[in-house]
Amino acid sequence: MSPLLILPLLAALQPGTYRLDVNVVVMASVPVLGEQRTVTSTTSIIVVDDVGMATARACKVVTKGPGFQSRLPPSSLRTLPTSRFAITTAGQTIRADMGEGQMAYTGDGPMPQSDKDPRVTDPDGDGKPGMRMLLDLGALGKWDLQIVSRGHTKLEGTLTADGATGRLTSVMSEEQVLSGLPVSLPTRSSPIDPGRSSFVMRRLASPTDTSFCAW
């Protein structure tokens, strides 16, 4: 049967294991380089159950822009928490609120601005407060940073024969560098470029396939 004929039969996203790629395009303040258009690509493994509840875990996070790249190393990725959220459908439209998550600190209120803040944790166990992130500025050098961050993402798209594709209806993203740079930086909160931000969700042929992850 043609995939186009299958689509009208889908009442919801089918249970299974999926790869979710979310690309967030923003204008961001980058250390040394100033304001730059950046793309943060987050790849996650999503397990969807038979009632539409999804369990997600990020397994690759890379940000690229003119002259720089940052990424979470395997030691950081392995300590990221899982999230659980509902995926709803109406006709061929799919929606998901992935919830708000925070990384490398506990408690409420504004994000920590210093590694001396008692709310900062050391989830990757490297002995330094915060989560390790690698920043590569090419000829300008490389830095081993410690950060805290938080974010909230909402997705809306269209069912496909093997998953879904669509746009980001809402993204909140904040990041604070705690240490690793020669100067202090303010909290970064960057607005999304909705016309260029998107997601693709595809069912995996093998639920155990993690070859696309950066663990």
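The values are calculated or read from the model by the stated rules, or taken from the named source; none is laboratory data. Since this is a predicted model, take the numbers as computed values, not measurements. Positions of Cβ are generated from backbone atoms using ideal geometry, with glycine treated the same way; all protein chains shown enter the neighbour counts.
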Only one of (1) on the phi < 0 side of the Ramachandran plot; (2) surrounded by 14 or more Cβ atoms within 10 Å (Cβ to Cβ); (3) at pLDDT below 95 fails for residue 52. Which number is that?
(1)
Within region 49-60, which residues are touching a residue at least 40 places away in the same chain (Cβ under 8 Å) and in a strand (DSSP E or B)?
54, 56, 59, 60
Inside region 68-124, the number of residues satisfying the requirement of being part of a loop (DSSP other than H, G, I, E, B) and either closer than 24 Å to residue 212 by Cβ or within 17 Å of the chain's Cα centre (by Cα) (or both) is 10
State the number of residues belonging to region 97-114 that are touching a residue at least 60 places away in the same chain (Cβ under 8 Å) and crowded, with 18+ Cβ neighbours inside 10 Å.
2
For residues in region 156-188 being small (Gly, Ala, Ser) and closer than 15 Å to residue 25 by Cβ, which is modelled with the highest pLDDT?
166
Residue selected from region 60-86 under the condition out of contact with any helix residue (DSSP H, G or I) (no Cβ under 6 Å at 6 or more places or on another chain) and small (Gly, Ala, Ser), by the criterion surrounded by the fewest Cβ atoms within 10 Å (Cβ to Cβ)
86
Restricting attention to region 192-211, the residues that are farther than 21 Å from residue 161 by Cα and either of a type outside the set (Gly, Ala, Ser) or not in a loop (DSSP other than H, G, I, E, B) (or both) number exactly 5
Of the conditions (1) of a type outside the set (Ser, Thr, Tyr); (2) assigned to a loop (DSSP other than H, G, I, E, B); (3) buried (at least 18 other Cβ atoms within 10 Å of the Cβ), the single one that residue 133 does not satisfy is (2)
Could you go through region 140-152 and let me know if any residue there is modelled with pLDDT of 95 or more, within 18 Å of residue 54 (Cα to Cα), under 16 Å from the mean Cα position of the chain (by Cα) and surrounded by fewer than 19 Cβ atoms within 10 Å (Cβ to Cβ).
no
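Let's see how each residue does on (1) modelled with pLDDT under 95; (2) buried (at least 18 other Cβ atoms within 10 Å of the Cβ):
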residue: 5; (1), (2): yes, no
residue: 13; (1), (2): yes, yes
residue: 16; (1), (2): no, no
residue: 22; (1), (2): no, yes
residue: 27; (1), (2): yes, no
residue: 34; (1), (2): yes, no
residue: 46; (1), (2): no, yes
residue: 58; (1), (2): no, yes
Taking residue 85 as the residue in question, decide whether it is modelled with pLDDT under 90 and in contact with an Asp or Glu (Cβ under 7 Å, 6 or more places away or on another chain).
no
In region 161-175, is there at least one residue being of a type in the set (A, V, I, L, M), on the phi < 0 side of the Ramachandran plot and assigned to a loop (DSSP other than H, G, I, E, B)?
yes
